[in-house]
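As structure tokens, the structure follows; a few thoughts come after it.
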Ligand code: PRP
């Protein structure tokens, strides 16, 4: 039987499962980039917990920056309109860039971030996402590093919110409206 959290939400991905996945991802990233300059850009707000754990699982020097974009606001479904709330600052022209996302859902934010960061001419550009919806076409939107594929559930926790709440859960749970 599935575990429930203290809000009677179904635990979809436990803290242990997340930690195991994040550590494996960090080791893979370190091996893939070797000693090349690497800048990690976390997409706020949703990525903040995943980002904090992932960068500590990558045993090498890194530049770290953040961009904040928004397409959902306080709504439960995407407005379809991605906008920059806060841009990243670190120059990436001679650096590999890895975007860190909590979730690739419709893929609109993925498209926006790739277009926006590519213009700054990084050496390479990839994305690490903890969660990817099963509906995402990975040929069209290649998510190089991803932890878990999820179905249609509305999920919260480990950075993901419902109307601004539940980001501070240490696991991913299903939010029932
Ligand atoms: C969420 C999430 C991703 C994006 C993914 O951000 O953090 O950035 O949606 O959705 P998409 O693939 O459909 O574009 P949101 O706009 O909710 O802001 P937040 O990170 O501040 O919660």
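The values are calculated or read from the model by the stated rules, or taken from the named source; none is laboratory data. Note that the coordinates shown come from a computational prediction; the quantities given were computed from them, not determined experimentally. Methodologically, a virtual Cβ is constructed for each residue, glycine included, from the backbone with ideal geometry; neighbour enumeration extends over all protein chains shown.
Taking the range 64-177 and the strands (runs of 3 or more DSSP E) fully enclosed by it, the elements with 3 or more residues that are within 14 Å of the ligand (Cβ to nearest atom) and under 16 Å from the mean Cα position of the chain (by Cα) are at 96-104, 124-133, 145-150.
For the range 34-50, how many residues meet the condition of being out of contact with any strand residue (DSSP E or B) (no Cβ under 6 Å at 6 or more places or on another chain) and touching a residue at least 12 places away in the same chain (Cβ under 8 Å)?
Our first condition is that a residue be out of contact with any strand residue (DSSP E or B) (no Cβ under 6 Å at 6 or more places or on another chain); within the range 34-50, this holds for 34-35, 37, 45, 48-49.
Restricting the remaining residues to those that are touching a residue at least 12 places away in the same chain (Cβ under 8 Å) gives 35, 37, 45, 48-49.
Count: 5.
So which residues in the range 54-64 are surrounded by fewer than 21 Cβ atoms within 10 Å (Cβ to Cβ) and closer than 30 Å to residue 163 by Cα? Hits for the range 54-64 are 55, 56, 57, 64. Here residue 141 passes the criteria (1) more than 15 Å from residue 22 (Cα to Cα); (2) modelled with pLDDT of 95 or more; (3) in contact with a helix residue (DSSP H, G or I) (Cβ under 7 Å, 6 or more places away or on another chain); (4) buried (at least 18 other Cβ atoms within 10 Å of the Cβ) except the one numbered (4).
Within the range 93-115, residues that are free of Cβ contacts under 8 Å to residues at least 40 places away in the same chain and at positive phi have Cβ atoms under 6 Å from residues that are outside any strand (DSSP E or B) and more than 6 Å from the ligand (Cβ to nearest atom) in these pairs: 107/136; 107/141, counting only partners at least 6 apart in sequence or on another chain. The set of residues in the range 24-42 being under 16 Å from the mean Cα position of the chain (by Cα) and surrounded by fewer than 15 Cβ atoms within 10 Å (Cβ to Cβ) consists of 24 alone.
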